[in-house]
Amino acid sequence: MAQLNVNPTRMELSRLKKSLATAMRGHKLLKDKRDELMRQFLEIVRENKELRERVEQKLSNANHAMSLASAVLGKEVVNSALLMPKQGVRLTLGSKNIMSVDLPTFQTETKSDNPEDIFSYGYAFTGGDLDLAIGQLSEILPDLLLLAEKEKSVQLLAGEIERTRRRVNALEYVMIPNYQDTIRYITMKLDENERGNITRLMKVKDMMIKEQFENKQNV
C-alpha cells in the first residue's frame, strides 16, 4: 500500500491515529448500512416478484375478458361504451426513508365512492364480458401502483447499495491500509531518530567524561 506524503512528526502521528480511528468507525457503520440495505433490498425483490406474477395473471385475465367482449360486441361498441368515463383517480406521491434512501409511495383517491361508477355505460347494449374486464382492470390498479412503487424502490436501493459498497471498499482497501502503513513508517522514523539522539547523547557524555579526566590529570 502507498504511504501518505506527510512529515514524520509526533503531531502528524497523533493526527493520523485519530483519522485511522475515525475511518475504522466509518467503515463499520457503512458495512452495517450495506448489510441492512441488502436485507431490505432482498425483501422488496421477493415482494416485487410475487406482486409481478399476480399482476401479470390479472392482466392476462382482463385482456382475455376484453378480447371476448370485443369479439362479441364489436370494437366500435366497446370503444363507444368506454368513451366517457365517470370515475376518476387522483394519485398522491409520497416517500418513506430507509437507511437514508427516500423510496416513493403512491396513494390513490377515487373521485366517486360509488363502486358502480367504474362502468361508464348502460347495461342495455353491453355484455357480461365487458363488465368482467372493467371490473378486473379496476381491481388491478392498486397492485399496478404498488408494483411501480416496488420497482422504483428496488432501483434506488440497488444504486445506494453500490455506492455504499464502493465507500466500504475504498476505506477497507485504500484509506485504512494507507493510514496504517503511514503510522508504521512514522513510528519507525521516530524510533530511529530517538535511537540516534540517544547515541549522540552517549557520545557527548563520553567526550565530557574524557575531557574531565584529562583536566584532572593536567592539574
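Observations on the model:
- Test: residue in the range 39-58 that is under 20 Å from the mean Cα position of the chain (by Cα) and on the phi > 0 side of the Ramachandran plot: no
- The residues in the range 177-204 that are open to solvent by 80 Å² or more (accessible area, probe 1.4 Å) and modelled with pLDDT of 80 or more can be counted, and the count is 3.
- Pairs linking a residue in the range 161-175 that is more than 11 Å from His27 (Cα to Cα) and touching a residue at least 60 places away in the same chain (Cβ under 8 Å) to a residue that is open to solvent by less than 90 Å² (accessible area, probe 1.4 Å) and in a helix (DSSP H, G or I), with Cβ atoms under 9 Å and 6 or more positions apart or on different chains, are Ile161/Arg34; Ile161/Leu37; Ile161/Met38; Ile161/Phe41.
- Answer from Met84, Met99, Met66 - the residue that is open to solvent by 50 Å² or more (accessible area, probe 1.4 Å) and in contact with a helix residue (DSSP H, G or I) (Cβ under 6 Å, 6 or more places away or on another chain): Met99
- Which listed residue, of Leu157, Leu145, is buried (at least 18 other Cβ atoms within 10 Å of the Cβ) and touching a residue at least 24 places away in the same chain (Cβ under 8 Å): Leu157
- Scanning the range 102-142 for residues that are in contact (Cβ under 8 Å) with a residue 60 or more places away in the chain, among the charged types (D, E, K, R) and surrounded by fewer than 18 Cβ atoms within 10 Å (Cβ to Cβ) yields a total of 1.
The values are calculated or read from the model by the stated rules, or taken from the named source; none is laboratory data. Computed from a prediction, not measured in an experiment: that's the story for all the values here. With ideal geometry, Cβ positions are generated from the backbone for all residues, glycine too; neighbour counts draw on all protein chains shown. The accessibility values were calculated without ligands, DNA or RNA, using every heavy atom of the protein model including side chains. Shrake-Rupley method; radii C 1.70, N 1.55, O 1.52, S 1.80 Å.
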